[in-house]
Each structure stands twice: as C-alpha cells, then as structure tokens.
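Attaching a single structure in structure tokens format; questions to follow.
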Amino acid sequence: MSNPNAGQPGEGQAEAFVPYEETELYRIRHSAAHVMAQAVLELYPEAKLAIGPPIENGFYYDFDLGTDENGNPRTFTPEDLEKIEQRMKEIIRADYPFEYRVVDAEEAKRLFANQPYKQELIEGLLKGEADEYGEEADDEAEVVISTYKHDTFEDLCRGPHVKSTGEIPVDGIKLMSVAGAYWRGDENNPMLQRIYGTAWPSKSALEQYLQMLEEARERDHRKLGRELEIFTFDEEVGPGLPLWLPNGAVIAEELENLAKEMERKHGYVRVRTPHLAKEDLFYHSGHLPYYAGSMYPPMEMEGTRYYVKPMNCPMHHKIFAARQRSYRELPLRLAEYGTCYRYEKSGELFGLMRVRSMQMNDAHIYTPVDLFEQEFLDVINMYLEYFQIFNIDRYMMRFSTHHRKGLGKKYVNKPELWQRTEQMVRDVLVKNNIPFVEVPDEAAFYGPKIDVQIWSATGREFTLATNQVDFAQPASFNLTFVNSEGEDEMPLVLHRAPLSTHERMIGFLIEHYAGNFPVWLAPEQVRVIPITDQHREYAVNIADRLFKAGVRAEADLGPDRMGNKIRQAQLKKVPYMLVVGDREMEAGTVSLRKRDGTQINAMPVDEFVALVTERIATRSPEL
RNA sequence: GCCGAUGUAGCUCAAUUGGCAGAGCAAUGCUCUUGUAAAGCAUGGGUUAUGGGUUCGAGUCCCAUCAUCGGCUCCA
C-alpha cells in the first residue's frame, strides 16, 4: 500500500502540498540508499541486494549477506555501520553523477545476473506486478526497466535521484539501526538484513530530528507509566500481562464511566460474560478456523475443552439468541468492557500498546439491514465525540476490505456479501464526507472494517479504535429476528470499540498528554502542601473537604520542606497543588499552584472546590 | 515466531587487560519548622535476569533459557 503519511504524519511539513515523492528530500534519501548499497557491496562483495526505498524520515536498504564458514547467516555488526557510514561520506564527497538509462529486459537480466532478488523484481516488472514501492503497474503503460548508476554502483531503479552524490548533505545523514526484514514482507521468505538510515537537508535538520527522537523517548508510555506508577509488568506474571497499579486503575475506571455515560446516551445496554467458553462456541464463531493462531491453547476438564476468549462477540451473539427477538427491539446494542486474551507472538509485544490480556470497550449492534447506515453513522459520530473530549486530532480512518485471493482462508467464503457490505460502508463514508483511505486485504475474517489509526510516541502506527461489519457470524449462529411481516430475518452485526482497549487507550493517552492528564483523568487531582507542621491539620481538613466533594485529593504530611513537596507533586504531574501556611489558615484560603507553574494566591477554599469540581464534571481539558 | 542488541540496588548509571560490586536519586531513622521544582546527618538495601561451563579467581569469557529494546511479520 502506498503510505498515506509518507511525509510526517502531522507536524513539521508546512509545504505538504507537494507529494513526498516529488520533493528534493525524497531524492536525497533515495540517493543515500544507493550510496549505502555501494558501501555495503565494497565491504561484503558477495552481498545480494534486495530493495532500498526512501521512507518517512530516511531510507533503508535490504541485503542478503549469505552465510559464513559455519553455514550461519551473516549479519551486520554495529561496527559495520560506522564503517559503512564513513565510506558513504567519502562517496558523497567524491560527487559522482547519477546516470539514468533505460534497458531492455535482456540487458537488465544480464546486468543483474548474480542478483537473484533483482531478477525476481525484473520478472515482476515484466508481469506488471506491484513494484518495490507497492504500486500497481498501470495496465495500459508499457513496461519500462531503468537503472541508475553512480561511480561503480548500478541499481535497478525508477528514480528519481539527485544529480550527483555531492547533493546529498554529507552532515545530514546518519545510519540508525540494523534489523531483520523478510524479503517482500512475507514471513515465509528468507530474512534479509536491513540497515535503516536517516537523511535531512542539513546538519541542523538532522540534529533537530535526533532531538525530536530524544523528546519522544521522554513521553514514551513505558517510561511515564513507570514514573507515574500507572502499570507494571512482572516476569513471573508473564510477558504482555500488565498489572494496573492504583493510578492506572483510576484512569481505567474513569474511562469506563465515560463509556457507560456515552453508551447509555446512545441506547446501549450493558451485559457481562465469562472469560472462557467451550471449544464448540469458538468453532461456531469461526475463531478456531480463522483465528486459532492468536488464541491461548485449550484447557481440558472432564473431557471438555475450554478456550479463554480472544473476543467477546460469540458470547454477545448467544445473548442475542437467548430468546426470540422482534424487529421492534432492534437495533439491539450490547456493550461490555470485556476482558480478552490473545496469544500475540513474543516479538510483537510492546509496552501497553500490544499485550496479551486486554479489556475492550466492546459492543455489538444487531441491526436490520435497512437501519445499517444510521447505526454505522451513529458509531462514527460516537468516535468523533470521544476524540473531541480527548483532543485527538491526529488520526486516520482506514477502511479495510477483503481480497478475493483470501476467500476461504483469511476471510469467510461469501464473495457477494463481501461486495455488498463493503459498498454499504463506502457509501456511508462518502455520503457523509468522512475522510478515509481504503486498504484492500486488511479486513477482519468476518467482514470489512473501519480502523482509526494513531501513532505512538516512537512513531509506530497502531489501530486505536475499530468498527467492523459482520455478516458471517449472524449466519453461523443462525441469528434471526421476527420482522414486521412475521418472517425470520437475519440481522447485520456491527462490532465497535471506539475507546479501544484499556491497555492501548491508556498507553496512547499517556503519550498523547505526555503524562499531563486533564483533571478528570488525573489519578491524583489535588495535593495539599502544608508549609510547616502547624498547618497539617488545616491541610488535612481541606483534603477531606475535597474528598467529600468527590475529588481525588491528598495532603502531603511528609517530613520534606515545602519546596521539595512541590517538586514531588510536579514530577507526578498532579494538576493542582494547594500550598497552605499561616496566611491561608487565617483567611480560610489556599494558594493554588497549577501544574503549569501558574499561581493564584489567597483563593477562598469554596472557590477552589467549585473550580475543581466543575473541571471534573465537564471533563474539561483546561487546567 | 524471525534478525540484531541489551540485562548490575526501587530508578538512572559506574566498576581498567578476568582480581575485595560502587555512586546519585528513592526508602528508613533522627535533626531542622521552613512561602511555590531538591534542607542536613545517619542507616539499610545485591546469589550482578536464571541455569550450566571455562578459570586459582567471572558482573566481565563460553553455552542454554527467560525478559526487555530496535526492526520484520502480525494486531485492539
């Protein structure tokens, strides 16, 4: 797929009107990849070249280094990176021109005679397959095979490049890391060695980028989650199984309260279901045929096999089927913060963003087909309401559809239903002017979906919320309702999880707010700081008063000085600090210091209580 | 799961070619009674991830396992 966020997803590119592919920076990065490949070939003459495209923030190139004397795959060492980078700078300084030429298929094959991956790419080009950028060839256009050459290095390449290596800013490049990557992104293919580099128009731009990475590390939810005591992992509990600390539990509960309010307003009813079920249920649902790879293995008792649930839907379907349903009670919207377990591969785990136990903001909407549009839109609107509350403005709606080659394997084998439901979703989106990108071959096994994509502090892309159409499970569970004609009719099911899972949502929110939660979400909302021991009782009284007003407030009665107590509260990112001494005690006031450093002295206690309770009640983003 | 790297006190990090495991912060105790981001003194804290091996001697070298990190694959 062509990356819709190719430049920077969000800030930093004011001149975003020019497509990334047409910018000078793109040519610089692409050219840097070629220069790197030359340097690698000089160091490892036997290396086989795969592909080396520009990417967001830089470029990479994939190599197959073959095997060593013992038959083990050869890999790059961190020292190699330094050598390669040094050599790249020499090549850049030598200012070799890039020369473009078109070659016919015969010559191309001869040119890359001992480059098997290039041969495969040439074959692909001739067959009109997607090129190295994943772009489908235009059926009408004739196949053009071209190369770019600089110094001793010639690569199969469409370009574009800079005029000569000297146009690559020698101080603007840096090799970042080595990684394994499968040839053509397929895990059945051999693993290649990938070197990632970054490239910028100048030394200062590079430094700025490195600085930005540094800052991103500061807001990484794994770091803040530890510092703010939100969650922890324990080796003995297991990887991907987070433990919510008291502060994290507060945030999770606030999110649940929000969800309950919102869902009540939108006509949902709540249900609760067990964490495991008999094997038969998951056969029925299609999970065992299509999803078993992500499920924990079964446990057996008295000859019956049970699975821990990877999703809540089958249970909700059983609730729908618990009695006969009438069209009069549809759409039926069943909601549950359900706890699910998925066996994510060990290398896929990532802090809170990718875990093995998760609580989903789940709901299933059973609707007659003719009410689908209305229900679907209501769900989208609920997303937008939530995003407004959290000030989430950097996201992307991704419409995932099936691909015919996956029918019966990745997707249930109902081609006409796929076509029909996908068209329904597309129509709703277009008709309501909701911006989205369509991505083929990314659907759920039971139907098309809309995912909301967001980015973690480290730049990794995640699906935050999801909204999926399901035409498969109603059929496999034989779900029906009696329509106005008195006939049995099958509903469509909408799966939706606008608040994601607690794990991913809170991981995201930590980074989104850099730990500075709005008052309503902050685990500790107010800290009262007495100046000396004589003010302890007054501090306790104020904290007590706030507590009774439903505010999460604590008095810091520790032995530290006021200055250090303020520092500690700042480090924990407590929104409000109330400093109290003689002046406040006499006047019945507090000195309010906000987390941002602003200060309001001599504020009457009543006034502060009114302020904080108003912020909480309205879920105000303001401090 | 795959490729690579890393693992020392609650946290951040030291420890020369293999030669007595240390510091700051945090914690605990005592003193100080303080006005908007760090008071002072003292004390405790470690089977150096786990299990093997090499060696007179291993945090350091080797092997295996576990976990984490950067990617790939996959995904809420």
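In region A:469-488, which residues are touching a Gly at 6+ places or on another chain (Cβ under 6 Å) and in a strand (DSSP E or B)?
Answer for region A:469-488, where residues must be touching a Gly at 6+ places or on another chain (Cβ under 6 Å) and in a strand (DSSP E or B): A:Val469, A:Asp470.
Shifting gears a bit: Please go through region A:432-491 and give me each residue that is open to solvent by 40 Å² or more (accessible area, probe 1.4 Å), away from RNA strand B (no atom under 13 Å from the Cβ) and of a type in the set (Val, Ile, Thr), ordered by number.
A:Val437, A:Thr480 - these are the residues of region A:432-491 that are open to solvent by 40 Å² or more (accessible area, probe 1.4 Å), away from RNA strand B (no atom under 13 Å from the Cβ) and of a type in the set (Val, Ile, Thr).
Let me ask something additional. It is to be established whether one or more residues within region A:604-613 are more than 27 Å from A:Arg222 (Cβ to Cβ), of a type in the set (Gly, Ala, Ser), away from RNA strand B (no atom under 12 Å from the Cβ) and surrounded by fewer than 18 Cβ atoms within 10 Å (Cβ to Cβ). Give the steps one after another, and end with the answer.
Our first condition is that a residue be more than 27 Å from A:Arg222 (Cβ to Cβ); within region A:604-613, this holds for A:604-613.
If we keep only those that are of a type in the set (Gly, Ala, Ser) as well, we get A:610.
Restricting the remaining residues to those that are away from RNA strand B (no atom under 12 Å from the Cβ) gives A:610.
When the remaining residues are screened for being surrounded by fewer than 18 Cβ atoms within 10 Å (Cβ to Cβ), the result is A:610.
Yes: region A:604-613 contains one or more residues that are more than 27 Å from A:Arg222 (Cβ to Cβ), of a type in the set (Gly, Ala, Ser), away from RNA strand B (no atom under 12 Å from the Cβ) and surrounded by fewer than 18 Cβ atoms within 10 Å (Cβ to Cβ).
Working only within region A:372-393, note down all residues that are touching a strand residue (DSSP E or B) at 6+ places or on another chain (Cβ under 9 Å) and away from RNA strand B (no atom under 16 Å from the Cβ). Break it down into steps so the answer makes sense when it comes.
Let us first name the residues in region A:372-393 that are touching a strand residue (DSSP E or B) at 6+ places or on another chain (Cβ under 9 Å), namely A:372, A:374-376, A:378-380, A:382-383, A:386-387, A:392.
Selection gives A:Phe372, A:Gln374, A:Glu375, A:Phe376, A:Asp378.
Also: Counting only residues that are small (Gly, Ala, Ser) and in a strand (DSSP E or B), which one in region A:143-179 is nearest to A:Met191 (Cα to Cα)?
Taking the candidates together, the pick is A:Ala179.
Okay, next question. Only one of these is at pLDDT 90 or above, within 16 Å of RNA strand B (Cβ to nearest atom) and either surrounded by 20 or more Cβ atoms within 10 Å (Cβ to Cβ) or assigned by TED's automatic domain parsing to the domain that holds A:Arg184 (or both): A:Arg29, A:Arg87, A:Arg93, A:Arg74. Name it.
A:Arg29
Of the residues A:Val308, A:Val237, which single one is of a type outside the set (Phe, Trp, Tyr) and in contact with a strand residue (DSSP E or B) (Cβ under 6 Å, 6 or more places away or on another chain)?
None of the other options fit; the residue is A:Val308.
Sticking with this structure for a sec: A:Gly293 versus (1) within 14 Å of RNA strand B (Cβ to nearest atom); (2) assigned to a helix (DSSP H, G or I); (3) surrounded by 12 or more Cβ atoms within 10 Å (Cβ to Cβ): which is the lone unmet condition?
A:Gly293 satisfies all of (1) within 14 Å of RNA strand B (Cβ to nearest atom); (2) assigned to a helix (DSSP H, G or I); (3) surrounded by 12 or more Cβ atoms within 10 Å (Cβ to Cβ) except (3).
Could you please find all residues in region A:539-573 being within 11 Å of RNA strand B (Cβ to nearest atom) and in contact (Cβ under 8 Å) with a residue 40 or more places away in the chain?
Selection gives A:Ala569, A:Leu571, A:Lys572, A:Lys573.
Suppose we filter region A:494-507 for residues that are assigned to a helix (DSSP H, G or I) and more than 9 Å from RNA strand B (Cβ to nearest atom); how many remain?
Number satisfying all stated conditions: 1.
If you don't mind, another one. All but one of (1) within 12 Å of RNA strand B (Cβ to nearest atom); (2) in contact with a Cys (Cβ under 9 Å, 6 or more places away or on another chain) hold for A:Ala181; which doesn't?
So A:Ala181 meets the others, but not (2).
The values are calculated or read from the model by the stated rules, or taken from the named source; none is laboratory data. The structure displayed is predicted, hence computed values, not measured ones. We place every Cβ from the backbone using ideal geometry, glycine too, and count neighbours over all the protein chains shown. Each accessible area value is taken on the protein alone, full model and side chains, heavy atoms only, with ligands, DNA and RNA left out. Shrake-Rupley method; radii C 1.70, N 1.55, O 1.52, S 1.80 Å.
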